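Undergrad: Please see the structure below; I have some questions.
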Amino acid sequence: MRIRPIHEGVSIQITSYACCKADCHAGDEEQQPGHVIVFPHAGVFVKHHEGTDVVVDANSCVFFNHPERYRTSHPYGFGDRGSAIVIAPELLLEIVASHDASVETRPERPFPLSHCPCDGRSHLLVRVLTHLLERGEAGDAMQVEETAIELVDRVVGAACQRRGRQRPRMGVATARAHRAAADAVAGLLARRFDEPWRLEDIARVVHVSPHHLCRVFRAQTGQTIHAYLNRFRLRHALDQLGDRSVTLTHLATRVGFASHSHFTQAFRREFGITPSVVRRVASLREMRRLTRRAG
């Protein structure tokens, strides 16, 4: 794995990473340097920790409580890349406590979940932050760290809310089967997001009925399959917006949308602004203002 520090502060460090592995088998045990939130930008990996396997893709973020040990694998034929924020323990506890006072009883495990869906505006903000840091255009350190803290607060708050929603109890075997079905769909869509899928086609691939698949997938992810697929398409489109030789109409069809207008409407719903506006954004300050106004 290639890891590149792009911001190094006292309480906040930010890195970008790229992993080219494509191996179905879990690698050696790893350990993060501190409490870390990883934001995948593209690709998929599986986190193996304490007997649980978590599929992590660009629709989600994943939490690592230091000094937990884990393994990763890349069973879908490609690696992944993204960015990560390392947060000092004292700062992280303060952020988590603003959403969940019970963190005081588990200071060694401040993150309440192993992973959580990443909303569109948080994903857009972390992508722009990473891009500007890599280009040396993000502004001063204070602005960078305020943005990073804003991101941590958003995703931690979402994780705490998600943890508070209790799911119906079910047997271990049933729970594993439901998780496996949802993970199979996520892996399929990550590989083939640009195809014109029908629900029956996906259900046939994962060997369940369409009705059962819809119910299980939403219970496991909190999203419909259609919404999940569109999020993959939109996050992939973000990678290509910087290439001005590609028109928005061409980009829309390339990632799987039927038209420019459909793409623009979906982009606005997900990120709060249009793709043409993202192409014009020149600073981190402007992007923070736009994502707040959109919310």
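Undergrad: For the range 128-153, which positions are assigned to a helix (DSSP H, G or I) and either among the polar types (S, T, N, Q) or out of contact with any strand residue (DSSP E or B) (no Cβ under 9 Å at 6 or more places or on another chain) (or both)? Reasoning before the result, please.
TA: Let us first name the residues in the range 128-153 that are assigned to a helix (DSSP H, G or I), namely 128-135, 141-153.
Passing the criteria: Val128, Thr130, His131, Leu132, Arg135, Met142, Gln143, Glu146, Thr147, Glu150, Asp153.
Undergrad: Name the residue that is farthest from Val126 (Cα to Cα), counting only residues in the range 67-90 that are surrounded by fewer than 18 Cβ atoms within 10 Å (Cβ to Cβ) and among the hydrophobic types (A, V, I, L, M, F, W, C).
TA: My answer is Phe78.
Undergrad: Another question, if that's okay. Exactly one of these conditions fails for Gln223: (1) within 16 Å of Asp183 (Cβ to Cβ); (2) surrounded by 17 or more Cβ atoms within 10 Å (Cβ to Cβ); (3) polar (S, T, N, Q). Give me its number.
TA: If we test Gln223 against (1) within 16 Å of Asp183 (Cβ to Cβ); (2) surrounded by 17 or more Cβ atoms within 10 Å (Cβ to Cβ); (3) polar (S, T, N, Q), just (2) comes out false.
Undergrad: How many residues does the range 82-116 hold that are in contact with a Gly (Cβ under 6 Å, 6 or more places away or on another chain) and either outside any loop (DSSP other than H, G, I, E, B) or charged (D, E, K, R) (or both)?
TA: Step one: list which residues in the range 82-116 are in contact with a Gly (Cβ under 6 Å, 6 or more places away or on another chain), which gives 86, 99.
Imposing the further condition that a residue be either outside any loop (DSSP other than H, G, I, E, B) or charged (D, E, K, R) (or both) reduces the set to 86.
The qualifying residues number 1.
Undergrad: So in the range 34-55, with the set limited to residues that are assigned to a loop (DSSP other than H, G, I, E, B) and at pLDDT below 90, which one is most open to solvent (accessible area, probe 1.4 Å)? Write out each step before concluding.
TA: In the first step, residues of the range 34-55 are kept if they are assigned to a loop (DSSP other than H, G, I, E, B); the result is 34, 50-51.
Filter once more, keeping what is at pLDDT below 90: 50-51.
Values: Glu50: 136, Gly51: 85 Å².
My answer is Glu50.
Undergrad: Okay, next question. Assess whether Ala177 counts as being of a type outside the set (D, E, K, R), in contact with a Ser or Thr (Cβ under 9 Å, 6 or more places away or on another chain) and farther than 30 Å from Val86 by Cα.
TA: No.
Undergrad: Identify, by number, the condition in (1) at pLDDT 90 or above; (2) open to solvent by less than 60 Å² (accessible area, probe 1.4 Å) that Pro210 doesn't meet.
TA: Unmet for Pro210, out of (1) at pLDDT 90 or above; (2) open to solvent by less than 60 Å² (accessible area, probe 1.4 Å): (1).
Undergrad: Just checking, how many residues over the range 185-199 are open to solvent by 40 Å² or more (accessible area, probe 1.4 Å) and either assigned to a helix (DSSP H, G or I) or not basic (Lys, Arg) (or both)? Give the derivation first.
TA: Taking the range 185-199 as the starting set, the residues that turn out to be open to solvent by 40 Å² or more (accessible area, probe 1.4 Å) are 191-192, 194-199.
After this cut, where a residue has to be either assigned to a helix (DSSP H, G or I) or not basic (Lys, Arg) (or both) as well, the list is 191, 194-197, 199.
Going through the range 185-199 one residue at a time, the tally reaches 6.
Undergrad: Let me ask another. Name the residues in the range 1-29 that are surrounded by 15 or more Cβ atoms within 10 Å (Cβ to Cβ) and part of a strand (DSSP E or B), would you?
TA: Result: Ile6, His7, Ile12, Gln13, Ile14, Thr15, Ser16, Tyr17, Ala18, Cys19.
Undergrad: Output the number of the condition that Arg293 fails; it satisfies all remaining conditions of (1) under 20 Å from the mean Cα position of the chain (by Cα); (2) modelled with pLDDT under 90; (3) not aromatic (Phe, Trp, Tyr).
TA: Result: Arg293 fails condition (1) only.
Undergrad: Look through Val96, Val36, Val56, Val44 and report the one residue that is among the hydrophobic types (A, V, I, L, M, F, W, C), over 11 Å from the mean Cα position of the chain (by Cα) and more than 17 Å from Gln161 (Cα to Cα). Even if it seems obvious, please write down each step before you answer.
TA: Working: Val96 fails: more than 17 Å from Gln161 (Cα to Cα); Val56 fails: over 11 Å from the mean Cα position of the chain (by Cα); Val44 fails: over 11 Å from the mean Cα position of the chain (by Cα).
Result of the check over Val96, Val36, Val56, Val44: Val36.
Undergrad: I'd like the full set of residues that are out of contact with any strand residue (DSSP E or B) (no Cβ under 9 Å at 6 or more places or on another chain) and touching a residue at least 24 places away in the same chain (Cβ under 8 Å), limited to the range 165-203.
TA: Selection gives Arg167, His178, Ala181, Val185, Phe193, Asp194, Glu195, Pro196, Trp197, Leu199.
Undergrad: Suppose we filter the range 166-179 for residues that are open to solvent by 60 Å² or more (accessible area, probe 1.4 Å) and either among the hydrophobic types (A, V, I, L, M, F, W, C) or part of a loop (DSSP other than H, G, I, E, B) (or both); how many remain?
TA: 7
Undergrad: To continue, here is another question. Note down all Cβ pairs under 7 Å where the first residue falls in the range 92-112 and is acidic (Asp, Glu), the second is open to solvent by less than 50 Å² (accessible area, probe 1.4 Å), and they're at least six residues apart or on different chains.
TA: Matching pairs, first to second residue: Asp100/Pro112; Asp100/Cys160; Glu104/Ala97.
Undergrad: Just give me the residues in the range 104-142 being touching a helix residue (DSSP H, G or I) at 6+ places or on another chain (Cβ under 6 Å), more than 30 Å from Asp183 (Cα to Cα) and open to solvent by less than 50 Å² (accessible area, probe 1.4 Å), in sequence order.
TA: Result: Leu132, Ala138.
Undergrad: Now a separate question. For Arg269, state whether it is within 19 Å of the chain's Cα centre (by Cα) and surrounded by fewer than 21 Cβ atoms within 10 Å (Cβ to Cβ).
TA: Values: within 19 Å of the chain's Cα centre (by Cα): yes; surrounded by fewer than 21 Cβ atoms within 10 Å (Cβ to Cβ): yes.
Judged against the criteria, Arg269 is a match.
The values are calculated or read from the model by the stated rules, or taken from the named source; none is laboratory data. Quick caveat, the model's predicted, so the values are computed rather than measured. Backbone-built Cβ (ideal geometry, glycine too); neighbour counts: all protein chains shown. Side chains included, ligands, DNA and RNA excluded: accessible areas come from the protein's heavy atoms. Shrake-Rupley method; radii C 1.70, N 1.55, O 1.52, S 1.80 Å.
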